[in-house]
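The structure follows.
The values are calculated or read from the model by the stated rules, or taken from the named source; none is laboratory data. Keep in mind that what you see is a predicted model, and the values were worked out from it rather than measured. Glycine gets a Cβ as well: all are built from the backbone with ideal geometry, and neighbour counts include every protein chain shown.
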Amino acid sequence: MTNANSQAVAAHLANAGYQRCEPAILQPAAIFFDSGEDLRGQLYITSDLSGAEYCLRPEYTIPVSRHYLASGLVGEAAAYSYCGPVFRYAPGESGEFVQAGVESFGRGDLEAVDAEILTLALDAAAVAGAGTLDVRLGDAGLFARFLEALDLSPQWRRRIARGHGQGKSVAESLDATKNGAHDHSGVLSLLQGADPKGARALVEDLLSIAGVATVGGRTAGEIADRFLEQAATARGGAPREKIAVVERFLSIKGDPDQASLELRRLAADARLDLSASLDAFDTRLGFIAALGFDLASLLFEASFTRDLDYYTGFVFEARDRSRPTEKPVVAGGRYDQLLARLGAPAPVPAVGAAIWVDRLGGGGQ
């Protein structure tokens with residue numbers, strides 16, 4: 001059944017104009033370290049005689065992005081599809097499962113291609129026999145622009161954004177006692193009020209003396225920046241009135257059109273200029289409707305995010321209505337900064353979607 005589903009999904013995506021791409025199963029492990037704590041802990045890692053670390057392909061977006069970077073088409077529009085095995089550790093489950101999907105690079109009509117990717121993935125799942133799906137939408141880019149407009153200090157903005165990406169509430173994100181199990185009060189008191197450049201150099205030197213180069217994929221510089229952020233936040237709490245606005249934003253949920261009205265009302269009440277982002281939000285909804293989807297059947301949640309760090313814009317997932325507590329059947333979103341992180345000379349517009357073929361038949365991967 002899974003093989004038939006795979007063939008049906010792969011054919012549908014290819015027929016839609018997305019060229020088939022199957023990157024190597026063995027991938028450099030380091031390229032996945034910054035994709036989120038969950039994925040980092042699920043990798044199957046090995047090394048060769050030179051000491052270089054590799055992993056079995058845990059997902060397709062990063063390998064397909066690297067294929068695009070090597071194609072000589074960087075900056076030009078390109079569309080790829082894929083369907084094959086990926087490998088992730090999950091307690092009590094098989095570590096190998098089938099993932100299909102699409103990735104679109106270089107298109108400037110962002111809202112149109114967002115809608116295209118969403119609807120194409122849902123159509124492909126339907127072709128393979130998916131039942132009725134409940135679709136949830138979010139917008140990481142809108143939330144980032146909201147935090148910028150709110151004019152929070154950089155350290156509070158980063159802490160809230162990081163916690164949001166990890167599925168934490170605002171209170172949990174701001175609670176320093178829940179953002180690390182160790183007491184670094186001595187180092188933090190030393191860094192408070194220090195010149196940022198000198199303080200960063202001090203932390204990097206201490207790590208170097210201790211023989212620490214990386215921790216969990218983070219460089220010494222990144223660890224130093226985290227210490228500086230903790231020292232800055234230790235000096236005082238985030239302003240309560242702004243935190244209340246963040247909580248109000250994240251509470252918005254429901255019909256996408258109604259959510260748009262609520263978001264505009266919040267922006268007006270808080271005197272925030274979100275007009276460009278909200279216009280883009282409405283434009284995307286218009287394209288989704290034009291492709292035949294009833295917007296009232298979709299659910300927008302301002303608090304919804306995905307568990308991979310590279311998503312920077314529109315995000316979505318779809319779950320089988322008959323199995324609402326199980327993992328998504330379809331998920332994806334926009335990741336405009338990823339290509340630059342992987343070596344592109346500048347950010348490249350990019351959006352994609354994954355379809356977990358094994359779940360179409362009721363599997364649990």
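Please enumerate the residues belonging to segment 139-149 that are surrounded by fewer than 20 Cβ atoms within 10 Å (Cβ to Cβ) and under 12 Å from Leu266 (Cβ atoms).
Scanning segment 139-149 gives Leu142, Ala149.
A follow-up question, please. Answer yes or no as to whether Thr312 is among the β-branched types (Val, Ile, Thr), touching a Lys or Arg at 6+ places or on another chain (Cβ under 7 Å) and assigned to a loop (DSSP other than H, G, I, E, B).
Yes; evaluated as a whole, the condition is true for this residue.
Suppose we keep only residues that are assigned to a loop (DSSP other than H, G, I, E, B) and of a type outside the set (Ser, Thr, Tyr) within segment 132-172. Which one would you say is nearest to the chain's Cα centre (by Cα)?
Ranking the candidates gives Gln166 first.
While we're on this one: Cβ-Cβ under 9 Å, sequence separation 6+ or interchain: first residue in segment 239-255 and of a type in the set (Asp, Glu), partner crowded, with 18+ Cβ neighbours inside 10 Å. Which pairs?
Filtered contacts from segment 239-255: Glu247/Val170; Asp255/Leu298; Asp255/Phe300.
Please determine whether any residue of segment 291-305 is outside any helix (DSSP H, G or I), touching a His at 6+ places or on another chain (Cβ under 8 Å) and in the same structural domain as Leu133 (by TED's automatic domain parsing).
Yes, segment 291-305 contains at least one residue that is outside any helix (DSSP H, G or I), touching a His at 6+ places or on another chain (Cβ under 8 Å) and in the same structural domain as Leu133 (by TED's automatic domain parsing).
Let me ask something else about it. Go over the candidates Leu298, Leu285 one by one and state the one that is surrounded by 16 or more Cβ atoms within 10 Å (Cβ to Cβ), touching a residue at least 12 places away in the same chain (Cβ under 8 Å) and over 20 Å from Thr132 (Cβ atoms).
Numbers: Leu298 fails: over 20 Å from Thr132 (Cβ atoms).
Selected residue: Leu285, the only one of Leu298, Leu285 that is surrounded by 16 or more Cβ atoms within 10 Å (Cβ to Cβ), touching a residue at least 12 places away in the same chain (Cβ under 8 Å) and over 20 Å from Thr132 (Cβ atoms).
So, Ser277, is that one assigned to a loop (DSSP other than H, G, I, E, B), on the phi < 0 side of the Ramachandran plot and surrounded by fewer than 23 Cβ atoms within 10 Å (Cβ to Cβ) or not?
Judged against the criteria, Ser277 is not a match.
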